[in-house]
Amino acid sequence: MILAHLDLDAFFAAVEEIERPELKTLPLVVGGDPRGRGVVATANYVARRFGIHSAMSCAEALRRCPQAVFVRPRGQLYREYSRAVWQAVRGVTPTVEQVGIDEGYLDIGEIAGDDWLEARKLAEAVQASVRGATSLSCSLGVATSKVVAKVASDRRKPGGLTVVRAGREAAFLAPFDVRLLPGIGPKAEQRLLAAGVQTVGALAALSDEQLKALVPGKWGRLMRERAQGIDPRPLEGPSEAVSISQEETFERDVSDREALHAELRRMAERVAERLRRDGRCARTVTTKLRYPDFSIRSRSQTVPAGIDDAETIGALACALLDRALQQRPGALRLVGVGVSGLEPFQQLSLV
């Protein structure tokens, strides 16, 4: 089994930098009011040089960096980017367990088998796909288990890739501070440090008697197994398609708005036909645009109730296209329509 853990780099701050490029060179903090009781949601890498990190009070962040730029989180915008990211990821490796808006696990072995060179190439393809679709950077850890992959994904941020081959799991984890092992909370860390267990390797080497004295019960044995790189948990994800999409690459770049709308409506017909055939409806419509320089923008809208008709999907897709072109005008090389948030179609009763 070869898995990967994907983590978007400083996600909220990175999105704000894409939307406002002038922020890229400035210390940027996404969070609450620095003159109130706000908390840092995330900070870009410029701000992190001042020791600013997530969960820190914004007041402390301002004290450490008086010139920092503070912006309020924009949840809907981040969700739109997140949907575009995971749609791009599934275009490379279909089986995904998303565990947050900005992280998740991928079944690399589903395509690469046991070929570690192919697994690395596939992980690089995922990074390129995410970057091409959203301009966002992500870091990946590739390993035989979730726990090792997650630790590995944090080693070479931003935009890094760390591969831990089979048989190297325990040696890879051993030097790290015990607090970096997923599942070790503050209380467990304090107990382990008090006993002189400072590294993951030291935790992995504890005898049954030593372990029982420190962390009794099944949790202690589980922690030791994780420290040894043993983690048999499979990916947990939906077995059926989580999205349906159509896209078209033009022979020549198209700027005519009516022609683009007509293409989107045509694709909406195909998407709606697939929904009806599967007996499903969708809550979210996404329009994808690729410009002549191969940069990609996606815009999404979620509706209160599931839809499966081409007219509504097409109208939403056209509105999203207009919104995207208002922000960045120009001819397009490709357009696409996708739906997600799929659910079984419910026939309304008139009784």
Exercise. Given +1 on the Cβ of Lys and Arg, -1 on the Cβ of Asp and Glu, and no further charges, what dipole in debye does segment 31-157 carry about its Cα centre, rounded to the nearest 20?
Worked result: 820
For this session: Quick one: what are the phi-derived ³J(HN,Hα) couplings along segment 173-187, Karplus 6.51/-1.76/1.60 with θ = phi - 60°, whole Hz, x for glycine and proline?
Result: 6, 3, x, 6, 4, 4, 5, 7, 6, x, x, 8, x, x, 5
Seminar exercise, completed: Beyond 26 Å (Cα-Cα) in this structure, taken from LYS24/LYS121; LYS157/LYS218; LYS121/LYS157; LYS121/LYS150, we find LYS24/LYS121; LYS157/LYS218
Exercise. Say the dipole of the chain comes from +1 at the beta carbon of Lys and Arg and -1 at that of Asp and Glu; which of GLN198, LEU181, TRP86 then lies farthest toward its positive end?
Worked result: GLN198
Problem set entry | Relative contact order %, the chain, counting alpha carbon pairs below 8 Å whose residues are six or more apart | 15
Exercise. HN-Hα J couplings of segment 244-250 from phi, Karplus 6.51/-1.76/1.60, θ = phi - 60°, integer Hz, Gly and Pro as x?
Worked result: 9, 8, 9, 8, 9, 9, 7
Problem set entry | Of GLU269, GLU16, GLU209, the one that fluctuates the most in a GNM where the chain has Cα springs shorter than 10 Å | GLU209
Exercise. If we count other beta carbons within 10 Å of each Cβ, what is the order of LEU264, LEU62, LEU106, LEU342, fewest first?
Worked result: LEU62, LEU342, LEU264, LEU106
Exercise. If you average the sequence gap of Cα pairs under 8 Å that are 6 or more apart and divide by the length of segment 16-73, what percent do you get for the contact order?
Worked result: 38
Exercise. So what is the relative contact order of segment 220-351, in percent, for Cα pairs below 8 Å that sit 6 or more residues apart?
Worked result: 36
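Bear in mind these aren't lab numbers, they're just calculated from the coordinates by the rules spelled out. The model shown is predicted, which means the values in this text are computed figures rather than measured ones. Positions of Cβ are generated from backbone atoms using ideal geometry, with glycine treated the same way; all protein chains shown enter the neighbour counts.
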